[in-house]
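Readers should treat all values here as calculations from the given coordinates under stated rules, not as data from a laboratory. Everything quoted here is computed from the prediction, not taken from an experiment. So basically every Cβ, Gly included, is an ideal-geometry build from the backbone, and we count neighbours across all protein chains shown.
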Amino acid sequence: MRNHSYLRFLGAAALLAAGACADLDVTNPNQPDIKRALGSGEDVKNIAISTMNSWYLAQTHYEPWTMLSTTADMGTSNFGNFGMRFNNLEPRAEYVNNSAGGDRMVTERPWNGYYGTLGAANDVLIAIANGVEVPNGETAKYKALAAFAQAASLSDLSLIFDQAFVVDETTTGTTPEFKGYKDVAANALAKWDALITSLNGTNYTWEPTVLPLSAGALNSSILQRLSNTMAARLLAYTPRSAADNATVNWAKVVSYAEKGITGTSGTPIDINVVGDDCNNWCSLFVYYNNEPSWMRVDMRLINLMDPNSPAKYTGTMPPKGSSPDARLESDFQYHGTVIGDPARGIYMQSPYSHKRYRFHARTSPTSGEGPAPLILGAENDLLWAEGLIQSNGDLAKAAALINKTRVGRGNLAPATAADGKAGLLAKLYYERQVELFNTSGVELWDGRRTDRVQAGTVRHLPVPAKELEILRLPIYTFGGVGKPDRNISESFNVALNQALEVARQDNAAMRSRLRAATSQGFLR
């Protein structure tokens, strides 16, 4: 038999372990094939539903998002938790990619989380391809959930890491190769396109517990619109530099965003997920990043809103700032005190915290409850607007999209087409930093593609050291002034692929030995 259960893994390295037995015609009761493991339609349905929760938890965990916020100079903290301290150093230091290191979960958590989700989604799609049907003619309905989780997981792997494995329901028993982030993103985009098309003409409504949205029960319309927004995000946020950003197909970003969660296909909505005290649903990113005893707001962001406030805390307490932007008062809190050990870096301290989602924060009476942001409608508006600006489209429309929050929440002077491309982009980037802060984790993604991050800041994360060790591959990393922030050398890539090939050959030898042992009766 061909055993496909290797596709459900907590880390991609499990592929190698499974590869040793994947092609053997040997009955293995501990690793049943997908048709038996997901032999009933109810099994398929339940696993499909579970992928939405596992993807959400990876998407909103404090690792890596808290570290990415601090290294992007948006949030700030000098505590040792969640990779905040050492990746907030100035000058920037390299990310310590060590399987025994204190910051190892910055890479391991998203890698394992997304591959766990991806494996379960692939299992569902394999079972359906093998003829398993969900009762009541709902196979396509629950296939759509697995397809969403698959596309979303691959998208985030491409946005976070420099390379990853691309595995789906068509992957065979051989160990896959690492693909660069651009290839992973292209694969994910193709899956978004397929899902969006498959939802045309459907009228599904899922149970409210599948994804508990403040906008109401998830249905075909919301899932299709969200998928369009996710595709627009993927295109816009994949670049690692301003030079890369100039090559984006911005007209395509417009085509997705205008059909997204604030587009022309329905009433504009925010994708807020209602927490249940963190029993099954809550954003740990919001839970900690709106907690003033854990995370503060980098003074660079405060300075952006109030140029009279210093861009860096120096140990002298600045007075409370003022700004024509009403959100400095509504969304941020001035404490007049700082947190953390000054010996670890005074510049990591700040008297400001983010309070917009304080209701969800760790010490709030309603911690882990209420509608925590996942993807705000404003994010889709700004993607749409940027697509129009970058593609030399309708600048008046772009200005109107920017003004929905710039004027609507900030009470600032409206942007206009007369601002021109440069002026509108400046207002748009400002809006993205202020309005989307502590929502979907875009802080580093937006900073790297516009070259607004400090010298030596990582532009993406390496494959976790633990994964590389299991695969017997060289360990590498990024970051640090004067060191690679996004690229590893061609010679290193060659060495990496050679090492992976050795691992494959070793697995082939193991399979041969297992076959021999089986044929001689030594293995049953």
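Values for this structure:
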{"read-out": "Inter-site label distance for THR170 and LYS421 at 7 Å from Cα along Cβ, in nm", "value": "3.7 nm"}
{"read-out": "For LYS143, LYS179, order by how many other beta-carbon atoms lie within 10 Å, fewest first", "value": "LYS179, LYS143"}
{"read-out": "Loop sites in the stretch 396-472: trypsin sites (Lys or Arg not before Pro), DSSP, at most 13 other Cβ within 10 Å", "value": "ARG472"}
{"read-out": "Dipole magnitude (debye, nearest 20) for the chain, charges at Cβ of Lys, Arg, Asp, Glu", "value": "360 debye"}
{"read-out": "Global form of the stretch 249-321, assessed from the alpha-carbon gyration tensor, a/c cut-off 1.5", "value": "oblate"}
{"read-out": "Linear extension gain, THR363 paired with THR267, 0.36 nm per residue minus alpha-carbon span", "value": "31.1 nm"}
{"read-out": "Check: the stretch 291-355 dipole with +1 on Lys, Arg Cβ and -1 on Asp, Glu Cβ, in debye", "value": "140 debye"}
{"read-out": "Using a Förster distance of 35 Å, the FRET efficiency for ALA326-THR209 (Cβ separation, nearest 0.05)", "value": "0.45"}
{"read-out": "The chain: relative contact order as a whole-number percent, Cα under 8 Å and 6+ apart", "value": "19 percent"}
{"read-out": "Sequence of GLU435, GLU258, GLU469 once ranked by neighbouring C-beta atoms within 10 Å, starting from the fewest", "value": "GLU469, GLU258, GLU435"}
{"read-out": "Entry for Kirkwood radius over Cα pairs in Å (calculated from the structure that is shown) out of (1) 38.7; (2) 22.9; (3) 24.1", "value": "(3)"}
{"read-out": "Kyte-Doolittle mean at least -0.5, axial Cα span of 30 Å or more - DSSP H helices of the chain", "value": "105-129, 139-160, 490-519"}
{"read-out": "Value of [θ]222 nm, deg cm²/dmol, for the chain, DSSP H segments ≥ 4, -39500 (n - 2.57) each, nearest 500", "value": "-14500 deg cm²/dmol"}
{"read-out": "Those lysines that a straight Cα-Cα span of less than 17 Å connects to LYS397, excepting residues fewer than 8 apart in one chain", "value": "LYS252, LYS259, LYS421, LYS427"}
{"read-out": "Cut-off 12 Å between beta-carbons: net charge of the residues surrounding ASN136, Lys and Arg +1, Asp and Glu -1", "value": "-1"}
